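**Student:** This is the structure, below, for whatever I ask next.
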Amino acid sequence: MRGIEAFEKHATEYDRWYGRYPLAYQSEVEAVRSLIPRGVTAVEVGVGTGRFALALGVRVGVEPSEAMAALARQRGISVLRGIAERLPLQGARLDLVMMITTVCFLDDVSLAFEESRRVLAPGGHVLVGFIDKESCTGKPIVKQREGGKFLGAAKFYSTREILSLLKRAGFLDPKIVQTLFQDPHGLTELSPVRDGYGEGMFVVVRGRKALADDEAP
């Protein structure tokens, strides 16, 4: 995992960002929530400190940083130690795998998506939330990452790149929403959630696993 040392040393500082910018955080939560199917059995991969899992009713997470996992457990999340590229989960069991602000810190996104597909039941979904490096509001964030404690180690992706990687991993029927259409630090109200991508900094993409493994992707 990219930058894991920073997360181990500064987990509490990372977690405080969401407290300082609650409107940005809640806008991201609502974007993710808009694509979560009802009544699903879910896991958040890269659960971090558990803020998204708690807000979205997800009770199980996977996390490589013990410092981050400790904070998530304090929020009542059951955390398994592991990485996205080698999930400590049995295959074909889950309805939903979430990765929220996770892909930019992965060593191998393609392998992580393949693992997500492995643990999903037929017809299950993967849901990926990330900073779109080509969006109007995402470009300045990407430029500012150099020297950053957390984002300095990140590798950002465009929505087109994520869509291509999901398709290659066998996911179908992509659904896309976006939010944060201005600097998240200056929000005075919740940012709307809109379909599509290209304008909002934070994008959520959902893909579906085929109903049968032999269905053509």
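Quick note: the coordinates plus some simple rules give every number you see, no bench work behind them. Note that this is a predicted model, so its numbers are computed, not measured. Positions of Cβ are backbone-derived with ideal geometry, glycine not excepted, and every protein chain shown enters the neighbour counts.
**Student:** Mind telling me which of G76, G138, G207 comes out most flexible in a GNM of the chain, alpha-carbon contacts under 10 Å?
**Tutor:** Sorting by GNM fluctuation, first place goes to G76.
**Student:** Using 17 Å as the cut-off for backbone N distance, which residues of segment 10-33 belong to the label zone defined by a point 7 Å from the Cα of A70 along Cα→Cβ?
**Tutor:** Flagged as within label range: 10-16.
**Student:** Let me ask another. Order these by the 10 Å Cβ neighbour count, fewest first: D183, D173. Can you show the working numbers first?
**Tutor:** Working: D183 12, D173 9.
Taking fewest neighbouring Cβ atoms as first place, the list is D173, D183.
**Student:** Okay, next question. Eight or more residues apart or on different chains, and alpha-carbon atoms under 18 Å: count the Lys pairs in segment 4-208 matching that. Can you show the working numbers first?
**Tutor:** On the way: K9/K149; K133/K143; K133/K155; K139/K155; K143/K155; K167/K175.
Eligible lysine pairs with Cα atoms under 18 Å apart amount to 6.
**Student:** Which shape class, rounded, prolate or oblate, goes with segment 1-99 when its Cα gyration tensor gives a ≥ b ≥ c as root eigenvalues, a/c under 1.5 marks rounded, and past that a/b bigger than b/c marks prolate?
**Tutor:** oblate
**Student:** How high is the FRET efficiency between L211 and S78 when r is their beta carbon distance and R₀ equals 30 Å, given to the nearest 0.05? Numbers along the way, then the final one.
**Tutor:** Details: r = 29 Å, r/R0 = 0.96.
About 0.55, to the nearest 0.05.
**Student:** Roughly how big is segment 4-208's charge dipole about its Cα centre, with Cβ charges of +1 (Lys, Arg) and -1 (Asp, Glu), in debye to the nearest 20?
**Tutor:** Working: 27 positive and 24 negative charges, 69 e Å.
It comes to approximately 340 debye.
**Student:** Considering only DSSP beta bridges whose two residues both sit in segment 4-208, what percent are antiparallel, to the nearest 5?
**Tutor:** Here the share of antiparallel DSSP bridges comes out near 50 percent.
**Student:** Can you give the alpha-carbon Rg of segment 4-208 over 2.2 N^0.38 Å, where N counts its residues?
**Tutor:** Working: Rg = 15.5 Å, N = 205, 2.2 N^0.38 = 16.6 Å.
Here the answer is 0.93, to two decimals.
**Student:** How much mean residue ellipticity at 222 nm does the chain get from its helices, if each DSSP H run of length 4 or more adds -39500 (n - 2.57) and you divide by all residues, to the nearest 500 deg cm²/dmol? Display every interim value, and only then the final one.
**Tutor:** Working: 8 runs with 70 residues, N = 217.
Rounded to the nearest 500, it is -9000 deg cm²/dmol.
**Student:** How much length, in nm to one decimal, is gained on full extension between V60 and R160, taken as 0.36 nm per residue of separation minus their Cα-Cα distance?
**Tutor:** Values: separation 100, 0.36 × 100 = 36.00 nm, distance 2.90 nm.
Here the segment from V60 to R160 would lengthen by 33.1 nm.
**Student:** What nm value, rounded to one decimal, do you get for the distance between V40 and E189 when each label is placed 7 Å out toward the C-beta?
**Tutor:** Calculated label separation equals 3.0 nm.
**Student:** Any chance you could run the full-extension gain for E114 through Y21? It's 0.36 nm times the residue separation minus the Cα-Cα distance, nm to one decimal. Don't skip to the answer; put the middle values down first.
**Tutor:** Details: separation 93, 0.36 × 93 = 33.48 nm, distance 3.33 nm.
Using 0.36 nm per residue and subtracting the Cα-Cα distance, I get 30.1 nm.
**Student:** Lys/Arg Cβ at +1, Asp/Glu Cβ at -1, dipole of segment 4-208 taken about the Cα centre: which of A154, G124, A70 is farthest positive-ward?
**Tutor:** After comparing all options, I get G124.
**Student:** Neighbour counts of other C-beta atoms within 10 Å: give me H10, H125, H185 arranged from fewest to most. Kindly include the intermediate steps, with their values, before the conclusion.
**Tutor:** On the way: H10 15, H125 25, H185 10.
Placing the least packed residue first, the sequence is H185, H10, H125.
**Student:** What FRET efficiency do you get for R33 and R168 if R0 is 30 Å and r is their Cβ-Cβ distance, rounded to the nearest 0.05? Write out the running numbers ahead of the final one.
**Tutor:** Values: r = 27 Å, r/R0 = 0.90.
My answer for the efficiency is 0.65.
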